[in-house]
Amino acid sequence: MAEQLNPSTPEQLREAVGWALGSKTPLEIIGSGSKRAFGHAVKTNAVLDCSKLSGILFYEPEELVISARAGTPLAEIEAALAEKKQLFHFEPGHFPGLLGAGAQPRAGTIGGLVASNIAGPRRIKVGSARDHVLGFEAISGRAEDFKSGGRVMKNVTGFDLSKLMSGSFGTLGVMHTVTLKVMPRDETSVTIIVGVDDPQAAGKAMTLAMRSENEVSAAAWIASGDIRLLDIPMASEFGCGLVVLRVEGPKPSVAWRAEALCKALAPFGETHELADGYSQRVWHFVGDVKPFAGRADNNTLLWRISVPPASGGDICARLMTETGGRTMMDWAGGLIWLQITGPGAMAAVIREITSSAGGKADLVRAPEAVRETIPVFQAENAALAKINARIKENFDPEGILNPGRLTPASISGEGA
């Protein structure tokens, strides 16, 4: 039976980490557990459940800032923001839906969101979660309090630890409080759809749109086989894959920019504007990666591939040809989702193709047996790995925080 620690205050959290440090007991750190299947399994019999560290501490809509305990459900925070017509500008998607964590909208906690550095379609314009964290408070693997930042950006002086903690998956410290900036919702949103079947042409269309003066806030490509899942009649009538582009802001400006985009992209295929209601549906579809949502099975693997946006179309086409997998592009080609069916031997092929463009490929969803033999996160170069190891040693010298979550010692190289 696993030891379960359930702190409800920062003081209890420090005591729990202190117990683990004194007894040299590794801890698996979770919030709601919605992202537990992303990364390698933590080999321990002690779980530090932070879900009771919950509640919004302050929300100042006029100052565009919100602070909450790390275990606060994301759904609770987004509901509070929606009442004031505000949102997280980095647009977190329903990432747990990819991991079989259930159909509950916005499953997960705000701490888990920051720790995994998740961002949705607007990432190409405004950055990821780490770029919106104003500050945090945490307990290190030394059972010591530490914090960074505050309520405003100018409070961040010296080395910005928020950037370091975001994406660390709880391996450097256990956050109990996070403070983020928020933004008002735009007055209106219009999505342009362009009929494009070829991913290489789609990549060129998205690059053209992003380089234009039309301030595109999101750009993605959905393959023809997945268009029916959108449940938008106009999109289904195209009968091919679609490039989708979003423009947001005041109505007159949006109308002008949408018209300009339709004219500029006409050479790539038929174009059409989707009204605001349908526009929101498209970007929930893209942000939640709906074509690939569901549970892992023994033969299906889901990869999250990051490459320079301008090369996304070419890399996507090559991945489709050499793996036979299904794909979707986001971030104007900078993010490629690839689902393949078959043994894990394709890992080497996928990472070779990705590395050729200066990108990286992470294995988002796979059975645990597969994750024990293939590195989930692409290996860092030797110099960077050395730096990260020294950082880890300083924050968590005994290695008690989520050991093996990012790089298990049992795996070497890239697998078969």
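The figures follow:
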quantity	calculated
Residue count, segment 313-336 (criterion: open to solvent by less than 30 Å² (accessible area, probe 1.4 Å), in contact (Cβ under 8 Å) with a residue 40 or more places away in the chain and not charged (D, E, K, R))	12
Segment 294-312, residues that are among the small types (Gly, Ala, Ser) and buried (at least 19 other Cβ atoms within 10 Å of the Cβ)	Ala296, Gly312
Test: residue in segment 191-203 that is at pLDDT below 95 and either surrounded by 24 or more Cβ atoms within 10 Å (Cβ to Cβ) or basic (Lys, Arg) (or both)	no
Every residue from segment 186-211 that is out of contact with any strand residue (DSSP E or B) (no Cβ under 6 Å at 6 or more places or on another chain) and of a type in the set (D, E, K, R)	Glu187, Asp197, Asp198, Lys204, Arg211
Output for segment 59-77, where each listed residue is in contact with a Lys or Arg (Cβ under 7 Å, 6 or more places away or on another chain) and surrounded by 21 or more Cβ atoms within 10 Å (Cβ to Cβ)	Gly71, Leu74
Selection count, segment 204-214, where residues are of a type in the set (D, E, K, R) and surrounded by 15 or more Cβ atoms within 10 Å (Cβ to Cβ)	1
Residue within segment 263-280 that is in contact with an Asp or Glu (Cβ under 7 Å, 6 or more places away or on another chain) and surrounded by 21 or more Cβ atoms within 10 Å (Cβ to Cβ) present	no
Filter result for the condition that a residue is modelled with pLDDT under 95 and more than 29 Å from Val17 (Cβ to Cβ), over Ile340, Ile336	Ile340
Pick from segment 1-44, criterion of a type in the set (Gly, Ala, Ser) and closer than 17 Å to Leu74 by Cα, ranking: most open to solvent (accessible area, probe 1.4 Å)	Ser32
Only listed residue being open to solvent by 10 Å² or more (accessible area, probe 1.4 Å), touching a Phe, Trp or Tyr at 6+ places or on another chain (Cβ under 9 Å) and modelled with pLDDT of 95 or more, chosen from Ala80, Ala101	Ala80
Some residue of segment 45-58 being crowded, with 20+ Cβ neighbours inside 10 Å, in contact with a Lys or Arg (Cβ under 9 Å, 6 or more places away or on another chain) and more than 30 Å from Ala332 (Cα to Cα)	yes
Residue match in segment 337-359 (condition: assigned to a strand (DSSP E or B), closer than 26 Å to Met234 by Cβ, open to solvent by less than 20 Å² (accessible area, probe 1.4 Å) and in contact (Cβ under 8 Å) with a residue 40 or more places away in the chain)	yes
Met183 being among the aliphatic types (A, V, I, L, M), closer than 30 Å to Ile56 by Cα and open to solvent by 40 Å² or more (accessible area, probe 1.4 Å)	yes
Residue, least open to solvent (accessible area, probe 1.4 Å), within segment 222-258, restricted to residues that are touching a residue at least 12 places away in the same chain (Cβ under 8 Å) and acidic (Asp, Glu)	Asp226
Filtered residue count, segment 186-197, keeping only those that are in a loop (DSSP other than H, G, I, E, B) and either closer than 22 Å to Cys316 by Cα or among the β-branched types (Val, Ile, Thr) (or both)	2
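The values are calculated or read from the model by the stated rules, or taken from the named source; none is laboratory data. Everything numeric in this text was worked out from a predicted model, so none of it was measured. Quick reminder, even Gly has a Cβ in these numbers, built from the backbone with ideal geometry, and neighbours come from all protein chains shown. All accessible areas refer to the heavy atoms of the entire protein, side chains included, with ligands and DNA or RNA removed. Shrake-Rupley method; radii C 1.70, N 1.55, O 1.52, S 1.80 Å.
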